[in-house]
Amino acid sequence: MYVEQSDKTEFVRLLAGNNIQIGPIDGFLDAQIVASVTFFIRFAEPSALSYAAIVREALADLFPEPHDLLAISLNERTIAAVITPRSGQALDPVHIHALEQAFRRALSGVSEVSRIGEPEIIPLAYISPVSGIQENLAALNEMLETIVNKRLRVQFQPIVDLACGRVHGYESLIRLPQDGSLKRAGTLFRMADAARLVSWVDIAYQETCFETSVREGLREYLFVNMDADGLAHLDLADASLADRARECGIDPRLVVMEITERQEVGEFPQLIQYINDLRSQGFRVAIDDAGAGYNSLHAIAQIRPDFLKIERSLVRGLNVNMTHRALIESLAFFGGRIGTEVIAEGIETMDELAAVVDCGVRYGQGYLLGKPNDDFRGVRKTIREELASQFSLRSKRGLGRSYPIKSLVQRGIVMPPETPVAEIRRKFERNHDVECIVLCSDDRIDGTITRDTIFEIPEGGLERPIAKYMDKNPVVVEAMLPIEEAANQCAYLLNGKPSGHLVVSQNGIYAGEVPIRELVRAVATLCAKLTQTSRA
């Protein structure tokens, strides 16, 4: 039964209709009902025992999130139990039903209660006023129809082992029918969150993932998204997540539960307990979007997930963003020290792929490696060959062998020399880590412009072409030049130039750029390896 807060008369009438004394509860009705679920428990006969104490003990361990519990004796055989989540968010009808069933089972295990027979239990919870519900009624009905009629489907995007170019697992991505208003997963979850039905959507999505992956012949890991808030309600379901996976034909040891955070998680220690419960059932755990919400380094160290996914915004433009490179290198090192594998999401270009590999990240995901598909797809040959080349280079570095400067190249920002100064300036303003832009005509290098120079140009020159102000004799080295020779040339060619980059060309065609600091670091590492080898 559900009642609107605005209709208190109807609420009182409802209680009276069930022969429940309402006096003691009337005083805290307004304050409690919005976020709370209230159970009225009417026992078959009076008892010398405290029914309030029995109810309080039975409910204490059933509610999965931090809460306040109030048990009031309304008369000698009627108890009002009010559970108020400390998050201030009301439970949805699915969770209330599951909690009621669990409460009935707990009471039936009490000898005094079982002797006199099962009590009558009436759950009451707040819902929004009808006027508020009607505004979103069509979308809510569409969401429920999609779930009930199993119109959800999933696609699979490969997660690739960058060391060998093979698929390590697949992330399952929810897809909705395109003939309604809820066409995107984000819209679905926003609607579900507003209706407090996120966990119900999670369950429907998980079962669709399991069933589809079995049908498609899963052999690798299956990454399944789950809302962090929904972890709290897993133990209220009729069957465990592991049992539901096995019923669909999937071994839980092949499933990686990818924990996302659509709402703020209030109790971090409790979250760890829920994750440990998943692990005890055989599941592996991934934390999504490293760097957001609860995903601080301290939290990751406490959870120690099997996989840590780096959010795509850090990977985008990684080849030119030194700050993000330093952060991802640190995360890869950190993950290695605590036994967590790192996955870089959102890899879309060969340059980003090379930068991810160079940062020491073992696994990758993104459109370059494979787009979401209805079935399981492998990795294209061109990508496998590129990965083999990148890891061959890393091996040479580790052994102290020389390699060409081409291997350090990062694809920078390239623009034509006729571009107006104002547009070049805006490009620098939007890319704070970019120190130099190369100016090319048909990929042939014409010159460069640095950040310092662009902001020294007077306002009257903003509409002029950048060619007027560019350095027409930039420091350019050939792509196949060994790094130690490139360093020697660098000292001579720079000759007091302020540039922090070498421009790399291949047969006169722009191939990329190498920051001087990256060249110095590479040469220093090579020298150290050579020294260790000679001592050995």
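In the stretch 49-112, what percent of the accessible surface is made up of carbon and sulfur (1.4 Å probe, ligands and nucleic acids excluded)?
51
If you roll a 1.4 Å probe over the heavy atoms of the protein chains, what accessible area per residue do you get for the stretch 45-119, in Å²?
In whole numbers, the stretch 45-119 has 46 Å² accessible per residue.
Karplus couplings for the stretch 96-105 from phi (6.51 cos²θ - 1.76 cosθ + 1.60, θ = phi - 60°), rounded to Hz, Gly and Pro as x?
5, 4, 5, 5, 4, 5, 5, 5, 4, 5
Read phi for every residue in the stretch 332-342 and hand back ³J(HN,Hα) as whole Hz from Karplus 6.51 cos²θ - 1.76 cosθ + 1.60, θ = phi - 60°, with x for Gly and Pro.
These are the phi-based 3J(HN,Hα) values: 5, 5, 4, x, x, 6, 9, x, 10, 7, 9 Hz.
For R362, what residues show an amide H to amide H distance below 5 Å, using hydrogens built from the backbone and excluding near sequence neighbours?
Hits under the 5 Å cutoff: V342.
Ranked by accessible surface with a 1.4 Å probe, highest first, in what order do C527, C209 come?
Accessible-area ranking of C527, C209, largest first: C527, C209.
Take the cross-link list K427/K472; K150/K183; K183/K371; K150/K309; K309/K371; K183/K427 and give me the ones stretching past 25 Å between alpha-carbons.
Pairs exceeding the cut-off: K150/K309; K183/K427.
Just to verify a number: what accessible area does T382 come out at with the full protein assembly present, 1.4 Å probe, Å² rounded to tens?
Accessible surface of T382 is approximately 80 Å².
Please list E45, E385 in order of solvent-accessible area, largest first, computed with a 1.4 Å probe with all protein chains present.
So, going from the largest accessible area down, we get E385, E45.
R56 accessible area, nearest 10 Å², 1.4 Å probe?
Around 100 Å² of this residue is reachable by solvent.
The values are calculated or read from the model by the stated rules, or taken from the named source; none is laboratory data. Keep in mind that this is a model prediction, so the values were computed, not measured. These accessible areas exclude ligands, DNA and RNA; they are computed on the full protein's heavy atoms, side chains included. Shrake-Rupley method; radii C 1.70, N 1.55, O 1.52, S 1.80 Å.
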